[in-house]
Amino acid sequence: MIRIIKQVFHSSKFLFGFVVLMSILLLVIIYPFINPGNPLKTVSIGTFAQPGTYVSVYDSVESTTHTLVIEGSAEKRLDAALSMEDRVEMILWFEAMEIDISELDINDTDALLALWKEHYDPAIRPPGMTKAKRNYYARVDASIDGILNTELKYLAREGQEGLESVKEIKGTDYVNLNNVANVVRLPLGTDNFGRDVLKQLVAAIKTSIMIGLIAGSIATFIGLFLGLLAGFLGGIIDDIIMFVTNIFTVIPAFILLILISYSIGQDQRGAKTVAIVIGFTSWIWTARAVRSQVISLRNRDHVNLSKLSGHNLWRIILTDILPYIASYVVMALILQISSAILAEAQLSMLGLGPKTTEVPTLGLMMNWAMLYSAHLSGSWWAYFPVILTIALISFSLNLMNTGLDQVFNPTLRD
């Protein structure tokens, strides 16, 4: 056994796939201790908050400030505040006023602002421009003035005698994050429901791998059991088992999976239920492959010797046949786990996955992102990490299977 394990881990493909899979599992184990709590809990009011670190504005204002002179800070502030939409609208205003902008670069903030401050006048009414558009340009001009006035800002609150100036905020005031009471880090932002995507992703990986293990184990056990019986006994038993197998082969497994999942109903479709359904519809190719392996073994000398010795059926299968196909069964199990994870993702994308009120899965996260048009709004963090995770899990499992095949298949050995 130790020699076999050494051979397996000497396979570079198996080792690489194993390291990738273990890294994902370590994330699943460790991250809940770092960020505990319900992964489906809403943390923001609104949808698709961008990845980053969020600081309480109230707490940052009340924190001790330090005066720092950072080179280029004013330019960065301007670039961040003046959106591309605002820049395009400013260009349109110049064109409406017939101002020469042939040499103006829309990304050159200084040149754009200089030209704007030189020519813009809220009293001017370009022909054909609506009042709403003129008000928009007035708001843009006011925001620009607010950005440029970095010397002093006032934070006011309502007191007994109206608004009272509480604190002066300068453009050079900075706050140390360690001194701010409430800082929230969202490495992958939030989804359409305002939930932490990374926290949800870790929980979804755990659930999807559990589904894969349950479904893969069921499918492998059924396929192994039927394949052993059909291959070893032959005759009428083989004909019956292969007849049933051929029926399931004719009907596409995924279509059957859709019909069964739909008939169960949303309220009864928990993660384990979906896993069991996937397992009971995915055993066909394993049964056929095991049967072929057993047929090549049942007339070997050691098997015939066991028959002559009077050993019963199950002893012969368990001691004389199963050890010879054990490596193949392990490889089949790995592929079944990978297929089950992908099947759950496909079902959930169609709205036939586990019910949404209990636990997230990778497929459900893709379904939510699709339903709320994350791909159209540019909210890549809601779906791309899920796609990457599914690809990494499938890639690692299939790479491990390829490595095992190279170790145990004599025709592939170097």
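The values are calculated or read from the model by the stated rules, or taken from the named source; none is laboratory data. Fair warning: this is a prediction, and the values are worked out from it, not measured in the lab. Please note: Cβ atoms are built from the backbone with ideal geometry, for glycine as well, and neighbour counts cover all protein chains shown.
Observations on the structure shown:
- All of I337, I295 fail the test of being touching a residue at least 40 places away in the same chain (Cβ under 8 Å) and over 30 Å from M210 (Cα atoms), apart from I295.
- Residue in the range 230-246 that is in contact with a helix residue (DSSP H, G or I) (Cβ under 7 Å, 6 or more places away or on another chain), assigned by TED's automatic domain parsing to the domain that holds Q336, within 30 Å of G363 (Cα to Cα) and touching a residue at least 60 places away in the same chain (Cβ under 8 Å) present: no
- Hey, V244 hydrophobic (A, V, I, L, M, F, W, C), more than 28 Å from the chain's Cα centre (by Cα) and surrounded by fewer than 20 Cβ atoms within 10 Å (Cβ to Cβ) or not: yes
- Residues that are in a strand (DSSP E or B) and within 21 Å of the chain's Cα centre (by Cα) were ranked within the range 170-218; the one that is farthest from F384 (Cα to Cα) is V184.
- Scanning the range 200-225 for residues that are within 21 Å of L322 (Cα to Cα) and small (G, A, S) yields G216, S217, A219, G223.
- Residue in the range 21-32 that is outside the structural domain of Y174 (by TED's automatic domain parsing), more than 24 Å from T356 (Cα to Cα), hydrophobic (A, V, I, L, M, F, W, C) and surrounded by 14 or more Cβ atoms within 10 Å (Cβ to Cβ) present: yes
- Being surrounded by fewer than 16 Cβ atoms within 10 Å (Cβ to Cβ), touching a residue at least 12 places away in the same chain (Cβ under 8 Å) and either touching a Pro at 6+ places or on another chain (Cβ under 7 Å) or assigned by TED's automatic domain parsing to the domain that holds F232 (or both) is a description that does not apply to T286.
- In the range 235-244 there is no residue that is assigned to a helix (DSSP H, G or I) and closer than 24 Å to I393 by Cα.
- Considering the range 1-20, the residues that are modelled with pLDDT of 85 or more and of a type in the set (V, I, T) include one that is surrounded by the most Cβ atoms within 10 Å (Cβ to Cβ), namely V20.
- Test: residue in the range 325-334 that is under 25 Å from Q406 (Cα atoms) and without any contact (Cβ under 8 Å) to a residue 40 or more places away in the chain: yes
- Filter result for D59 (of a type in the set (D, E, K, R), closer than 30 Å to D191 by Cβ, surrounded by fewer than 16 Cβ atoms within 10 Å (Cβ to Cβ) and in contact (Cβ under 8 Å) with a residue 40 or more places away in the chain): yes
- Check on N299, in the same structural domain as S327 (by TED's automatic domain parsing) and either in a loop (DSSP other than H, G, I, E, B) or small (G, A, S) (or both): yes
- Condition check for Y137: hydroxyl-bearing (S, T, Y), at pLDDT 80 or above, assigned by TED's automatic domain parsing to the domain that holds A81 and under 43 Å from the mean Cα position of the chain (by Cα): yes
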